[in-house]
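Have a look at the structure that comes next, please.
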Amino acid sequence: MNGKRTQLYEGKAKILYQGPEPNTVIVHFKDDATAFNAEKKAVIEGKGVLNQRISEFIFTKLNDIGLPTHFLRSLNMREQLVRSVEIIPLEVVIRNVAAGSLAKRLGLEEGTALPRSIIECYYKNDKLGDPMVNEEHITAFGWATPMEMDDMMHMSIRINDFLSGLFMGIGIKLVDFKLEFGRFVENEMMRVVLADEISPDNCRLWDMRNNNAKMDKDIFRRDLGSLVDAYQEVARRLGIIQEGETPPRSRPKLVKSDL
Ligand code: UDP
């Protein structure tokens, strides 16, 4: 079946194939891990499956509360069918606690609670190292319209409120995370929806039951131990995998498809 597929794009962590229905795309979650703008690379067996399952769980919940996303359904452990969208070239970062580049830039101690949630935008451009930009740059260069910015900011706040509560309930602090949005035309109107993925690859998750231990990609960035064990614990607490279950690390098996 793979042979018949048309590959549309291969990124650092995902491959996109043409979907079986009009205006759909298949997202394949790879086991590849990269950090520091792809200067650090590794293949971590099982990561793609865990990210797909965690992202599926979160996007389904967001769809359920009426937050529009590109997610349609999972096809198997490693792949999902999504609506085809034009990605808005921004990384929207929402922060609740000082960490990573914010802590460094402003000289804040990692772990300091922020007076309120802070949203930052970065221009998606690997060659430039994803520079931080503000609404002036975004609208002047036409990366998003003022209305799209408004939609993205409102959705980001809603997602942050929802996810902070969801993770808090399972003893995990949502420190910060990155979102991407996409646009598509519906009834001659341009709509903005949440796209990409939400997984421990693009969130900082700290274990409130274990001294704020990291349960996210910082484990890989900073060589802190087993990334898959941590991601599995996130999936277990979310109720996605059962106690004692080890997610398959083999090739993807198709459980449901119209292909
Ligand atoms: N992030 C991401 N992709 C990027 C940059 C950041 O998913 O290209 C996420 C990262 O995992 C963290 C949040 O966005 O949850 C804030 O990252 P930060 O700006 O602190 O940069 P970093 O320390 O990751 O370089």
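The values are calculated or read from the model by the stated rules, or taken from the named source; none is laboratory data. Keep in mind that what you see is a predicted model, and the values were worked out from it rather than measured. Cβ coordinates were reconstructed from backbone atoms using ideal geometry, including for glycine residues, and neighbour counts include every protein chain displayed. Side chains are part of the model used for accessible areas, which takes the heavy atoms of the whole protein and leaves out ligands, DNA and RNA. Shrake-Rupley method; radii C 1.70, N 1.55, O 1.52, S 1.80 Å.
Filter segment 201-236 down to the residues that are part of a helix (DSSP H, G or I) and among the small types (Gly, Ala, Ser) and list them by number. Walk me through it before giving the result.
Going through segment 201-236, the residues part of a helix (DSSP H, G or I) turn out to be 218-221, 227-236.
The answer is ALA230, ALA235.
May I ask you to say which residue of LEU102, LEU67 is under 19 Å from SER156 (Cβ atoms) and within 14 Å of the ligand (Cβ to nearest atom)?
Result of the check over LEU102, LEU67: LEU102.
Working carefully through the options LEU163, LEU179, find the one that is under 16 Å from ALA235 (Cβ atoms), in contact with a strand residue (DSSP E or B) (Cβ under 7 Å, 6 or more places away or on another chain) and within 16 Å of the ligand (Cβ to nearest atom). Walk me through how you get there before you give the answer.
Details: LEU179 fails: under 16 Å from ALA235 (Cβ atoms).
Step by step, each of LEU163, LEU179 is checked, and only LEU163 is under 16 Å from ALA235 (Cβ atoms), in contact with a strand residue (DSSP E or B) (Cβ under 7 Å, 6 or more places away or on another chain) and within 16 Å of the ligand (Cβ to nearest atom).
Tally up the residues in segment 110-130 that are surrounded by 14 or more Cβ atoms within 10 Å (Cβ to Cβ) and among the β-branched types (Val, Ile, Thr), please.
Within segment 110-130, residues that are surrounded by 14 or more Cβ atoms within 10 Å (Cβ to Cβ) and among the β-branched types (Val, Ile, Thr) number 1.
So VAL82 clears everything in (1) in contact with a Phe, Trp or Tyr (Cβ under 7 Å, 6 or more places away or on another chain); (2) closer than 30 Å to MET208 by Cβ except one condition, right? Which one?
(2)
Would you check which residues across segment 144-165 are open to solvent by less than 40 Å² (accessible area, probe 1.4 Å) and either of a type in the set (D, E, K, R) or more than 19 Å from LEU114 (Cα to Cα) (or both) and list them?
Correct list: ALA144, GLU148, MET149, MET152, MET155.
While we're here: Going by the structure shown, is ASN96 closer than 29 Å to PRO146 by Cα and either of a type in the set (D, E, K, R) or open to solvent by less than 50 Å² (accessible area, probe 1.4 Å) (or both)?
Criteria met by ASN96.
Another question, if that's okay. Considering each residue of segment 215-244, count those that are within 15 Å of the ligand (Cβ to nearest atom) and within 17 Å of the chain's Cα centre (by Cα), and give that number.
Residues that pass the stated criteria total 11.
Among residues belonging to segment 14-48 that are within 26 Å of TYR122 (Cβ to Cβ) and in contact with a Ser or Thr (Cβ under 7 Å, 6 or more places away or on another chain), point out the one that is surrounded by the most Cβ atoms within 10 Å (Cβ to Cβ).
VAL25
Suppose we filter segment 71-99 for residues that are within 13 Å of the ligand (Cβ to nearest atom) and in a strand (DSSP E or B); how many remain?
Taking segment 71-99 and keeping what is within 13 Å of the ligand (Cβ to nearest atom), we get 89-99.
Among the residues that remain, those that are also in a strand (DSSP E or B) are: 90-97.
Selection size over segment 71-99: 8.
If you don't mind, there's one more thing I want to ask. Examine segment 102-109 for a residue that is open to solvent by 40 Å² or more (accessible area, probe 1.4 Å), touching a residue at least 40 places away in the same chain (Cβ under 8 Å), farther than 25 Å from THR60 by Cα and not aromatic (Phe, Trp, Tyr), and state whether such a residue exists.
Residues of segment 102-109 open to solvent by 40 Å² or more (accessible area, probe 1.4 Å): 104-109.
In the following step, the residues that additionally are touching a residue at least 40 places away in the same chain (Cβ under 8 Å) were identified as none.
The answer is no, given that none of the residues of segment 102-109 is open to solvent by 40 Å² or more (accessible area, probe 1.4 Å), touching a residue at least 40 places away in the same chain (Cβ under 8 Å), farther than 25 Å from THR60 by Cα and not aromatic (Phe, Trp, Tyr).
Inspect segment 135-143 for any residue being touching a strand residue (DSSP E or B) at 6+ places or on another chain (Cβ under 6 Å) and open to solvent by 60 Å² or more (accessible area, probe 1.4 Å) and give the result as yes or no.
no
Residues that are in contact with a His (Cβ under 7 Å, 6 or more places away or on another chain) and either closer than 18 Å to ASP216 by Cα or open to solvent by less than 50 Å² (accessible area, probe 1.4 Å) (or both): does segment 174-186 have at least one? Write out each step before concluding.
Keep residues of segment 174-186 that are in contact with a His (Cβ under 7 Å, 6 or more places away or on another chain), which gives 182.
Subset that is either closer than 18 Å to ASP216 by Cα or open to solvent by less than 50 Å² (accessible area, probe 1.4 Å) (or both): 182.
Scanning segment 174-186 turns up at least one residue that is in contact with a His (Cβ under 7 Å, 6 or more places away or on another chain) and either closer than 18 Å to ASP216 by Cα or open to solvent by less than 50 Å² (accessible area, probe 1.4 Å) (or both).
Going by what's in this entry, would ILE118 be described as touching a helix residue (DSSP H, G or I) at 6+ places or on another chain (Cβ under 9 Å) and within 16 Å of the ligand (Cβ to nearest atom)?
So ILE118 passes the test.
Quick check on segment 24-38: of everything there that is modelled with pLDDT of 95 or more and outside any strand (DSSP E or B), which residue is farthest from the ligand (Cβ to nearest atom)?
The selected residue is ASP31.
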